[in-house]
Amino acid sequence: QVQLVESGGGLVQPGGSLRLFCAASGNIFRVDAMGWYRQAPGEQRELVARILVGTNTDYSDSVKGRFTISRDNAKNSVYLEMNSLKPEDTAVYYCNALVVLPGSIYGRNYWGKGTLVTVSS
């Protein structure tokens, strides 16, 4: 079984910064793409940022220039550095990973339980 565990959420004032962390653990052969999604109350879950094998990254237009995604392949971990936070960034942030299990060819999608980020004065 594979688990994704997030940490780093919390309450921050507008203009502030937070760093999210997610680690994948379990019976893993390889982790391909990793990413962060978010879901605000009453809204659909949306992509925030993702990082493919290597350093190829993709960001939502709403966070470009403010958020930075990075990963540590040796630790099957992904980070999200969030700067210049705005109230509209308030949401539950979910970690996502495409994990290849031992003996498999194709990856399976896994999700963390989410961490709440609240941007408010």
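The values are calculated or read from the model by the stated rules, or taken from the named source; none is laboratory data. In this text, all values refer to a predicted model and were calculated from it rather than measured experimentally. Note: ideal-geometry Cβ built from the backbone for every residue, glycine included; neighbour counts use all protein chains shown. Surface accessibility is based on the protein's heavy atoms, side chains included, excluding ligands, DNA and RNA. Shrake-Rupley method; radii C 1.70, N 1.55, O 1.52, S 1.80 Å.
Quick one: in the range 40-80, which of the residues that are assigned to a strand (DSSP E or B) and among the small types (Gly, Ala, Ser) is farthest from Trp111 (Cα to Cα)?
Ser70
Name the pairs: first residue in the range 11-32 and within 22 Å of Leu98 (Cβ to Cβ) and modelled with pLDDT of 95 or more, second residue among the small types (Gly, Ala, Ser) and surrounded by fewer than 18 Cβ atoms within 10 Å (Cβ to Cβ), Cβ to Cβ under 6 Å, at least 6 apart or on different chains?
Every condition considered, the pairs that remain are Leu20/Gly8; Phe21/Ser7; Phe21/Gly8.
Quick one: is Gly107 surrounded by 14 or more Cβ atoms within 10 Å (Cβ to Cβ) and modelled with pLDDT under 95?
When the stated conditions are applied, Gly107 passes them.
State yes or no: is Pro14 in contact with a Pro (Cβ under 8 Å, 6 or more places away or on another chain) and not in a strand (DSSP E or B)?
Taking the combined requirement at face value, the residue satisfies it.
Restricting attention to the range 1-55, which residues are in contact with a Gly (Cβ under 7 Å, 6 or more places away or on another chain) and open to solvent by 80 Å² or more (accessible area, probe 1.4 Å)?
Gln1, Gln3, Val5, Arg19, Arg50
Where the second residue is among the charged types (D, E, K, R) and crowded, with 20+ Cβ neighbours inside 10 Å and the first is in contact (Cβ under 8 Å) with a residue 12 or more places away in the chain and lies in the range 64-87, which pairs have Cβ atoms under 9 Å and are six or more apart or on separate chains?
Arg66/Asp89; Phe67/Asp89; Ile69/Arg50; Ser77/Arg71; Val78/Arg50; Val78/Arg71; Tyr79/Arg71; Met82/Asp89
Could you list, in sequence order, the residues of the range 83-101 that are loosely packed, with under 15 Cβ neighbours inside 10 Å, charged (D, E, K, R) and closer than 16 Å to Gly8 by Cβ? It would help to see each step written out before you state the result.
Here is the first cut: in the range 83-101, the ones loosely packed, with under 15 Cβ neighbours inside 10 Å are 83-84, 86-88.
Add one more test, that the residue is charged (D, E, K, R), and what stays is 86, 88.
Listed by number, the list is empty, since nothing qualifies.
What single numbered condition from (1) more than 19 Å from Val12 (Cα to Cα); (2) free of Cβ contacts under 8 Å to residues at least 40 places away in the same chain; (3) under 15 Å from the mean Cα position of the chain (by Cα) fails to hold for Gln44?
Every condition holds for Gln44 apart from (3).
Go through the range 71-82 and report how many residues are surrounded by 15 or more Cβ atoms within 10 Å (Cβ to Cβ) and farther than 22 Å from Leu11 by Cα.
Counting residues in the range 71-82 that are surrounded by 15 or more Cβ atoms within 10 Å (Cβ to Cβ) and farther than 22 Å from Leu11 by Cα gives 3.
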